[in-house]
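Here the structure is laid out as structure tokens; the discussion comes afterwards.
The values are calculated or read from the model by the stated rules, or taken from the named source; none is laboratory data. From a predicted model like this one, the values you see are computed outputs, not experimental measurements. No Cβ is skipped: glycine too gets one built from the backbone with ideal geometry, and neighbour counts run over all protein chains shown. Areas reflect the complete protein model, heavy atoms only, side chains present, ligands, DNA and RNA absent. Shrake-Rupley method; radii C 1.70, N 1.55, O 1.52, S 1.80 Å.
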Amino acid sequence: MEVIEVDGHVIQITHPDKIIWENQGITKMDYIQYLLDVSSYLIQHAKERLLMIWVYPQGISGKKIEKRSVPQTAPKWVSQTFYKEKERILLNDRATLVWAANYGAIEFHVPFDTHKKPDYPMEMVFDLDPPDDNSFDLVLEVALKLKQLLESLGLISVPRTSGSSGMQVFVPILPQYTFEQTRKINTFVAQYFGEKLPQHVTLERVVSKRGKKLYFDYLQLWRGRTMPVVYSARAKSEPTVATPLTWGEVEAGIKPTDFTIFNLKKRILEKGDLFNLITSGKRNQSLDDILKFIEKNKV
């Protein structure tokens, strides 16, 4: 056991030498140190959103357990809120982040809205899911076309790896549009790609029916559904991380495995927080004109 102090809270780290990523020999303490290194950026995206953690008691090769409510064993200082008759975890501070990692959390996921203003997403998101691990070039190609379309609609966007096999494109918006309104735009964009690139893109949600096509997921953006927090690690064979990118990097070509807990601290020091348009330096964009256009054309 190892004892550390985080923002005035003493936390006893159980089994600090426990190996989480076996191939790289990454221990629990290595992982916690990574989280502390990126904590201010990760928490910016998770703050005031109902947290869902994936706990891996036996490491990433073992069974995962989904947790949303505050465990009875959690200390009282763990950030939380009473929501729909349950005490739900909020990832609002570094001590809660370290507590969750010590508890066994490897992945941190949040919904699109905050508990203070439910049903009004903080961003629009398009999820590009390739048919296999060898199709990331297709993801890059579609992402760049998506950027161009969004720009034609007057919207800036931020790409990021999912930390797994795909990529997401985030669009910062004013938190004044309902899930139903943002779904209209997501549907409009997805149908456009389905019609323009039918040989490469599918809107089929059933995995077995997608064939070798990229799944353009426009349905994930909905109440109660979640996505990994930016800079969250993923429970993969390599310690990959959900990492924001520049559009120049997308154009030049990258792989999800390029970004791991080994190099994210240096990357942020060199490039800054590329997700700040979504979080701390949020660019609030209006969707009014796009919604009027869709309504007028009955798309």
- Taking first residues from the stretch 48-62 that are of a type in the set (D, E, K, R) and second residues anywhere that are surrounded by 15 or more Cβ atoms within 10 Å (Cβ to Cβ) and not in a loop (DSSP other than H, G, I, E, B), the pairs with Cβ under 9 Å that are 6 or more apart or on different chains are 48/81; 48/90; 48/114; 49/90; 49/110; 49/111; 49/114; 49/226
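Residue-by-condition table, conditions (1) part of a loop (DSSP other than H, G, I, E, B); (2) loosely packed, with under 14 Cβ neighbours inside 10 Å:
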position	(1), (2)
143	no, no
151	no, yes
154	yes, yes
171	no, no
183	no, no
186	no, no
191	no, no
194	no, no
- Message: Checking residue 16 against (1) part of a strand (DSSP E or B); (2) open to solvent by less than 20 Å² (accessible area, probe 1.4 Å), only one condition comes out false. Which one?
- Response: (1)
- Task: Report, by residue number, each residue of the stretch 76-97 that is within 15 Å of residue 116 (Cα to Cα) and aliphatic (A, V, I, L, M).
- Result: 89, 90, 91
- Query: Tell me, which residue of the stretch 266-299 that is of a type in the set (D, E, K, R) and open to solvent by less than 60 Å² (accessible area, probe 1.4 Å) is nearest to residue 173 (Cα to Cα)?
  - Reply: 282
- Please work out which residue is nearest to the chain's Cα centre (by Cα), limiting yourself to the stretch 258-278 and to residues that are assigned to a helix (DSSP H, G or I) and of a type outside the set (D, E, K, R). 264
- Show the residue pairs that are 6+ apart or on different chains and have beta-carbon atoms under 7 Å apart, the first residue being within the stretch 192-208 and without any contact (Cβ under 8 Å) to a residue 40 or more places away in the chain, the second being surrounded by fewer than 16 Cβ atoms within 10 Å (Cβ to Cβ). 205/219
- Note on the structure: Of (1) surrounded by 20 or more Cβ atoms within 10 Å (Cβ to Cβ); (2) within 25 Å of residue 267 (Cα to Cα), residue 147 fails just (1)
- Which residues, counting only those in the stretch 223-242, are under 29 Å from residue 119 (Cβ atoms) and either open to solvent by less than 60 Å² (accessible area, probe 1.4 Å) or in a strand (DSSP E or B) (or both)? 224, 226, 227, 228, 229, 230, 231, 232, 234, 242
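Go over the candidates 175, 118 one by one and state the one that is modelled with pLDDT of 95 or more and either surrounded by fewer than 22 Cβ atoms within 10 Å (Cβ to Cβ) or under 24 Å from residue 232 (Cβ atoms) (or both). Steps first, please.
Values: 175 fails: modelled with pLDDT of 95 or more.
Step by step, each of 175, 118 is checked, and only 118 is modelled with pLDDT of 95 or more and either surrounded by fewer than 22 Cβ atoms within 10 Å (Cβ to Cβ) or under 24 Å from residue 232 (Cβ atoms) (or both).
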- Note on the structure: (1) within 28 Å of residue 146 (Cβ to Cβ); (2) open to solvent by 30 Å² or more (accessible area, probe 1.4 Å); (3) at pLDDT 95 or above all hold for residue 123 apart from (2)
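Regarding residue 69, is this residue in contact with a strand residue (DSSP E or B) (Cβ under 8 Å, 6 or more places away or on another chain), buried (at least 18 other Cβ atoms within 10 Å of the Cβ) and among the small types (Gly, Ala, Ser)? Can you show your working first?
Values: in contact with a strand residue (DSSP E or B) (Cβ under 8 Å, 6 or more places away or on another chain): yes; buried (at least 18 other Cβ atoms within 10 Å of the Cβ): no; among the small types (Gly, Ala, Ser): yes.
No: the conditions fail for residue 69.
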- Query: Any idea which residue in the stretch 74-111 is most open to solvent (accessible area, probe 1.4 Å), counting only those that are over 22 Å from residue 235 (Cα atoms) and either without any contact (Cβ under 8 Å) to a residue 12 or more places away in the chain or among the acidic types (Asp, Glu) (or both)?
  - Reply: 76
- Name the pairs: first residue in the stretch 1-21 and within 16 Å of residue 34 (Cβ to Cβ), second residue aromatic (Phe, Trp, Tyr), Cβ to Cβ under 6 Å, at least 6 apart or on different chains? 20/31
